[in-house]
Amino acid sequence: NKVDRAGARPLEVSDEVLDLFIELDADEDQIEFPTVYAAGRDGWAIAGLQDERKNLTPLLEMIVEHIPAPIKSEGPVQMLCTALDHNDYVGRIGIGRVFRGSLITGEFVAVIKRNGSALGAVIKQIFLFEGLGRREVERAECGDICAVVGLADVEIGDTLSDPLQPEPLSLIAMDEPTLTMSFLVNTSPFFGKEGRFCTSRKLRERLYKETERDMALRVEDTSSPDEFKVSGRGILHLSILMENMRREGYEFMVGQPRVIYKEIDGRKAEPVEVLTIDVATEHAGAVIEYLGTRKAEMVKMVNRDGRSFIEFRVPSRGLIGFRSRMLQATSGEIVLNHRFFQYEYFKGSIPQRQTGSIISMARGAAVPFALDALQDRGRFFVEPGDELYPGQVIGESPKEGDIVVNAQKTKKLTNMRAAASDRHLKVAPAVKLGLEECLEHVGPDEYVEVTPASIRMRKALLDENDRKRAERASAKFGAD
């Protein structure tokens, strides 16, 4: 698709698809695939690059000619569950394709688990997908993709089979979580002002409810009733959950993301991801240099039409904060994608955030006069008029170490006026960070406060004296 673009390279992409098929151990019939070149936006497809570009007929003809009709397999029923849904009234819903036989409402089936055990269940409802919705039916035939109600403990990879002839299908490999975060009840001075669900009971119910439909998510209770350990496949996976929760009216805090380590052959191992980058050639050096400090290994690099396509193997912890940093370094001209590769032995320490936090000293609205005077200290995340509280992170300092400032300081009024003594206020626009950017920015002693109306960053200890005492205790413990 998109072969009408100026930088299109259809023949090279076709060769890359062939390489991908070979990597996936495709057989000879699969490797001899037909190719159609198209531009979906303009509505045309062609079998050869020199053909006339009229309509999508070549694409439709290729589908009819080369894609075989589904083979209907007779025999005892078999269905593989490949996805899950959840409903508060009927519980967990298994979604998958019927590979053999037919599923009928009211019939008794065996649910074969990953460990080989089998559980009995009665099919209460069957839904077929139609457009963007679902249509209830009495029967699902071989080849249908359907949703089945009545399977209480079904999981991805389970097989629905005839109880008299239980035959499992091949299991689906599931990636384990690679990142963990702490979800906590909001304890800021603005608690309860913007959210409807703020208590630990509501937070716990919502997190465990998500595990009913998301098998990649893990939720664990901790020693504190107000804190929960949530593990997922990456920052994007967890941030989607957070965004859904804040839109539903939940208010909570989250801690700094941490990778999940494993022990392999008695040695510490960490998750490694494949990172692919598409960036302007003049910025490639900065990307390679920065990833070098993150223990990344460059696997492949191709320069084409003023762009560089680079592939890395990088530890998952090296990607925390990488996206926002590279967007700044490349003026937003970077396209990146990453996926889990495998666990490898620990690759050594990675430099942490080199900047400090600018922290609010008092409670109240930010004043333009104060922000103007503090602009030399760093960049700010708040605008004049924003309500602040003590301990809230309102900016970033270019130097290490935190700075506590008074953003509510106003100009002293006197009965004397002189035009030359008044300072012209020129407050720089605030840097607005999204949810993912905040998660990448926070330090180990900071939280992200998530509410339906706001996303703020704050210190774990709001009081400055408490932070100093904790710092002295930590230094004393390290010395001992």
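The values are calculated or read from the model by the stated rules, or taken from the named source; none is laboratory data. Every value quoted in this text rests on a predicted model; they were computed, and no experiment measured them. Methodologically, a virtual Cβ is constructed for each residue, glycine included, from the backbone with ideal geometry; neighbour enumeration extends over all protein chains shown. Surface accessibility is based on the protein's heavy atoms, side chains included, excluding ligands, DNA and RNA. Shrake-Rupley method; radii C 1.70, N 1.55, O 1.52, S 1.80 Å.
Overview of results
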{"item": "Matching option when the condition is within 23 Å of residue 302 (Cβ to Cβ) and touching a residue at least 40 places away in the same chain (Cβ under 8 Å), among 18, 49", "result": "49"}
{"item": "Extreme residue, least open to solvent (accessible area, probe 1.4 Å), among residues of region 423-444 that are without any contact (Cβ under 8 Å) to a residue 40 or more places away in the chain and within 30 Å of residue 318 (Cβ to Cβ)", "result": "438"}
{"item": "Which listed residue, of 324, 357, is closer than 30 Å to residue 411 by Cα and either touching an Asp or Glu at 6+ places or on another chain (Cβ under 6 Å) or not in a loop (DSSP other than H, G, I, E, B) (or both)", "result": "357"}
{"item": "Filter pass, residue 157 being of a type in the set (Gly, Ala, Ser) and more than 27 Å from the chain's Cα centre (by Cα)", "result": "no"}
{"item": "Every residue from region 263-304 that is out of contact with any Asp or Glu (no Cβ under 8 Å at 6 or more places or on another chain) and among the charged types (D, E, K, R)", "result": "263, 265, 267, 268, 273, 278, 282, 289, 294, 295, 297, 304"}
{"item": "Residue count, region 352-394 (criterion: under 21 Å from residue 290 (Cα atoms) and loosely packed, with under 14 Cβ neighbours inside 10 Å)", "result": "2"}
{"item": "Residues located in region 269-303, provided they are of a type in the set (D, E, K, R), surrounded by 12 or more Cβ atoms within 10 Å (Cβ to Cβ) and either in contact (Cβ under 8 Å) with a residue 40 or more places away in the chain or not in a strand (DSSP E or B) (or both)", "result": "270, 273, 278, 294, 295"}
{"item": "Residue identified as out of contact with any helix residue (DSSP H, G or I) (no Cβ under 6 Å at 6 or more places or on another chain), in contact (Cβ under 8 Å) with a residue 24 or more places away in the chain and not polar (S, T, N, Q) among 248, 220", "result": "248"}
{"item": "Matching residues, region 209-223, being open to solvent by less than 70 Å² (accessible area, probe 1.4 Å) and either within 20 Å of the chain's Cα centre (by Cα) or more than 19 Å from residue 185 (Cα to Cα) (or both)", "result": "210, 211, 212, 214, 215, 216, 217, 219"}
{"item": "Matching entry among 426, 412, 459, 468 (being of a type in the set (Lys, Arg) and at pLDDT below 80)", "result": "412"}
{"item": "Test for residue 462: is it more than 24 Å from the chain's Cα centre (by Cα), surrounded by 13 or more Cβ atoms within 10 Å (Cβ to Cβ) and within 29 Å of residue 245 (Cβ to Cβ)", "result": "yes"}
{"item": "Failed item in (1) small (Gly, Ala, Ser); (2) free of Cβ contacts under 8 Å to residues at least 12 places away in the same chain; (3) at negative phi; (4) open to solvent by 40 Å² or more (accessible area, probe 1.4 Å), with residue 131 passing the rest", "result": "(3)"}
{"item": "Given (1) open to solvent by less than 40 Å² (accessible area, probe 1.4 Å); (2) over 30 Å from residue 47 (Cβ atoms); (3) in a loop (DSSP other than H, G, I, E, B), number of the condition residue 143 does not satisfy", "result": "(2)"}
{"item": "Subset of region 98-128 [touching a residue at least 40 places away in the same chain (Cβ under 8 Å), touching a Ser or Thr at 6+ places or on another chain (Cβ under 7 Å) and either open to solvent by 80 Å² or more (accessible area, probe 1.4 Å) or among the aliphatic types (A, V, I, L, M) (or both)]", "result": "109, 110, 112"}
{"item": "Criterion violated by residue 349 - all others in (1) within 34 Å of the chain's Cα centre (by Cα); (2) surrounded by 13 or more Cβ atoms within 10 Å (Cβ to Cβ); (3) farther than 24 Å from residue 461 by Cβ satisfied", "result": "(2)"}
{"item": "Search result, residues across region 308-336 that are more than 30 Å from residue 262 (Cα to Cα) and either free of Cβ contacts under 8 Å to residues at least 24 places away in the same chain or surrounded by fewer than 17 Cβ atoms within 10 Å (Cβ to Cβ) (or both)", "result": "309, 327, 328, 329, 331, 332, 333, 335"}
{"item": "Unique residue being surrounded by fewer than 20 Cβ atoms within 10 Å (Cβ to Cβ) and on the phi > 0 side of the Ramachandran plot when the list is 226, 265", "result": "265"}
{"item": "Residue list for region 146-197, restricted to those being open to solvent by less than 70 Å² (accessible area, probe 1.4 Å), in a loop (DSSP other than H, G, I, E, B), at pLDDT 90 or above and of a type in the set (Ser, Thr, Tyr)", "result": "188"}
